[in-house]
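Working notes, beginning with the structure itself.
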């Protein structure tokens, strides 16, 4: 019903990309602020968001799930707010909210472990460290060039273009019926129990796929762990060693600059 | 018409959420009373014993006190100072309370109910809001790290030196103690083979060996880290009254202060739940509750009662510790986390991993019973060795000797420089 009144997806997407670019350009922090420009930017941003959502609908890549729509909107809006906020502390808070949105998207898609790990690692540890540092450096003490965005025009255009291309390609992919068809659990179960005519291994694969997409499958974490420490063992170990080397290296760099009477005295005292 | 009615699982989940939140809020109110009684008992006073039934002379041992406390703090003026960042100042208490309540979605508050055919519940109904969540322990971890934001933002938004210092201290403390907390928890997850808290309880019930006995070192590490994460004395540096007035909630009053205080209490209740569920066997008690599926209401209620009694016991322990230990200094706090608890946690993890890895060989070599005994004895040996080693290698600063930052010559040198 909506489809009759709307222009074609291509025109819609072009409009959304343009609106997003202009709105980002208006919203990004620059030296002087004008309130009408920010209002206009906000309105254009909302229009661009609606344009992207409608394009996704038209291309068939966006389902009807209300929860998915809500969490992804939270992620996108707070992501934009992260870069347009004037205060670094607010930027960090918006970033935390964006992470919560991403985690919600992952949970809706059935990746429980990734969803919760996003919160634990990013929001719980890394961002708290960010806030720690930001709060120590009072916003008033920041240099002006730290509080404006460099090249607002170019970055707005680049970001909006990237967003448009991604929407287009993902929308095309998911509109193609031969790709990314997730079998529903009921269908998989039916295939698994259909009887002797169905190839048993194929039915097993279908059930595996159904478990992988079911948000509440019983052994999500066990399967992920088996995958990580089975097929990708070498990569996991290499990443672990890399992190350890980085940790040792950073400590070495810090302690080499440490002068006995310098700032590092408390740390050395605690270590002795 | 029936399409508009919520489905049975939804209704069951809503009932569980209602029971849990109502129960937790009431429990928090009465635990404040218990804490005041405990304080009075330790300090040889009478404590709150006057408020009973309103408008009568019935005192009832002071059981009306929580109601009076709540009314008083709710009716107080909700004052917002002029110099605060209004948005974050308001958001901080909401964030911390919402996070500490949402934690309980993954925490079981009993075993399970027997089938109730009259209501259409064919199977056993687990006493857990989100039974399908496969990452229960991580969920608890994630939301307790979100609660840090409440403290940090409350401290920063207050635009007050004491509040700010409290926020900084607490963020450093909570981030540091998350590591020993995680290590203590990993040992249990490794032994039980699951991140689900009800599976962890079932694993302890089926073997009859609580993880506190099988992993004493992990238990100690987790207990200490849980105290620090709940910011209870001796780890209450974020709001040390003698140094920081009220810490991160110095500028708060009225209902917002109440939200902070309730969230703090809920952190302690969460810690007690986790300690009992992961290390003290959950609802299991030898010879009383059995360990199989729940068939009768008697068993279901008995298990609920055992779990609640254990949790109350741990909470009383928390309160007793509060009045028995002086507060740590900040460097002692950090030394304890990084130089004592972190290595001990790693030792525990390696021990548990080795035992779990070689258990089949052990059973094959010495038989079932002897292997079970060995699997308990070896961690205890490691516990004593680790404890003594930590005691002998204690980094300076975890004891109470004053820090000598400068030798006499250094001071002279600095004086000359100045």
- Arranged by the count of other C-beta atoms within 10 angstrom, fewest first, what order do B:267, A:232, B:284 take? A:232, B:267, B:284
- Task: For residue B:389 and residue B:286, calculate 0.36 nm times their separation in residues minus their Cα-Cα distance, and state this gained length in nm to one decimal.
- Result: 33.7 nm
- Hey, what number do you get for chain B at 222 nm if only DSSP H runs of n ≥ 4 count, each worth -39500 (n - 2.57), divided across all residues, to the nearest 500? -21500 deg cm²/dmol
- Query: Along the Cα-to-C-beta direction of residue B:312, a point sits 7 Å from the Cα; which residues of region B:13-52 have their amide N less than 15 Å from that point?
  - Reply: B:24, B:26-35, B:37-38
- Inter-label distance for residue B:71 and residue A:50, nm, one decimal - labels placed 7 Å from Cα along Cα-to-Cβ: 5.1 nm
- Task: Give the peptides A:243-249, B:247-253 in descending order of average Cβ contacts within 10 Å, highest first.
- Result: B:247-253, A:243-249
- Cα shape, region B:1-75, gyration tensor, a/c 1.5 rule: prolate
- Message: Taking the beta-carbon count within 10 Å as an exposure proxy, list B:161, B:16 from fewest neighbours to most.
- Response: B:161, B:16
- Item | Sorted largest first, extent of chain B alpha carbons per principal axis (Å) | 80, 66, 47
- Task: Arrange the following residues from fewest to most other Cβ atoms within 10 Å of their Cβ: B:100, B:112.
- Result: B:112, B:100
- Paramagnetic reach from residue A:231 (point 7 Å along Cα→Cβ, amide N under 20 Å) across region A:111-128: A:111-115
- Message: Per-residue Cβ counts within 10 Å, from other chains only, averaged over A:116-124: what number is that?
- Response: 6
- Considering every residue in A:125-136, what mean count of other chain Cβ atoms within 10 Å of its Cβ is obtained? 4
- Task: Mind checking B:144-155 for the average number of partner chain beta-carbons within 10 Å of each residue's beta-carbon?
- Result: 4
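Rule-based calculations on the coordinates, nothing more; no lab input. Quantities reported herein were computed from a predicted structural model and do not represent experimental measurements. Neighbour counts are summed over all protein chains in view; Cβ atoms, including those assigned to glycine, are modelled from backbone coordinates with ideal geometry.
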